[in-house]
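Only one structure is covered here, and it is reproduced in the block below.
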Amino acid sequence: MATGCGIRATSVPVDAGAAPSRVGCVLPDDHESPQAGGARSLVRVYLVCGSRVSPVEREVRMPQGRSSAQRLPVARKLLEELKRQPRTTEGAAGFTTAVPDDLTVEPAADGDPDEALRLNRPPDELPSFALAQLVCTYADTAAADADDGVVLGGPAGSPSDDSDGDGDEKAAGKTKAPLKRYECGAALRTRPEAAETSGTEV
């Protein structure tokens, strides 16, 4: 009873709401900046937290520059980071990853645009959160095109029953999986399920 403080007692239950969560998808800002001239740099990696993908910063030994020659090495290094289990502080803040351990990335196939990257499975067969992680992590790096879009496709020699194709590919009953260009927009970051219908065929 708190009547002595001028607060009238009540028998009606008061709903104060749920207890505040300690998981806020925010990491403590305690990392050190990479040393000048060092081979390691801070990279932004997108992980799953709650119902969205959010960036975390990691210090990683990365290929330097943003030329087309760096596209595949950068893409492979970032994919390696995405497949890693979250670090202790990341896990404590609620971050996870949906990127499959067996996912790999290969260079563009013959006839593909230079900015294309090919995965060992079609992008639309990936978990939607994994595709959102991949696109947003690759954007604004050497793995993306000049406008920060990400061009992805499945294996270059995917079996197909279609009659399309030409030359040896048609004779072998194989065709290149289509390529799509993705952008890391607000919809993809906050509603990763949008990845299933996002992307523009190139």
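Some observations on this one:
A quick yes/no check of all residues on (1) under 14 Å from the mean Cα position of the chain (by Cα); (2) closer than 14 Å to TYR182 by Cα; (3) of a type in the set (A, V, I, L, M, F, W, C):
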| site | (1), (2), (3) |
| --- | --- |
| VAL99 | yes, no, yes |
| PRO122 | no, yes, no |
| SER128 | yes, yes, no |
| ALA142 | no, no, yes |
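- Scope segment 170-193; condition modelled with pLDDT of 85 or more and surrounded by fewer than 17 Cβ atoms within 10 Å (Cβ to Cβ); matching residues: PRO178, GLY185, ALA186, ALA187, THR190, ARG191, GLU193
- Each residue in segment 132-169 was checked for being in a helix (DSSP H, G or I) and at pLDDT below 55, and 3 of them qualify.
- Of the residues making up segment 60-91, just one is part of a strand (DSSP E or B) and either in contact with an Asp or Glu (Cβ under 8 Å, 6 or more places away or on another chain) or closer than 20 Å to PRO127 by Cβ (or both), namely VAL60.
- For PHE129, the test of being in contact with a Ser or Thr (Cβ under 8 Å, 6 or more places away or on another chain), among the aromatic types (Phe, Trp, Tyr) and at pLDDT 95 or above is failed.
- Annotation note: Cβ proximity below 6 Å between a residue of segment 114-128 that is part of a helix (DSSP H, G or I) and a residue that is among the hydrophobic types (A, V, I, L, M, F, W, C) and at pLDDT below 95 (sequence gap 6+ or interchain) occurs for SER128/ALA195.
The values are calculated or read from the model by the stated rules, or taken from the named source; none is laboratory data. Worth saying up front: this structure is predicted, and the values here are computed from it rather than measured. Cβ atoms come from the backbone with ideal geometry, glycine included; neighbour counts cover every protein chain shown.
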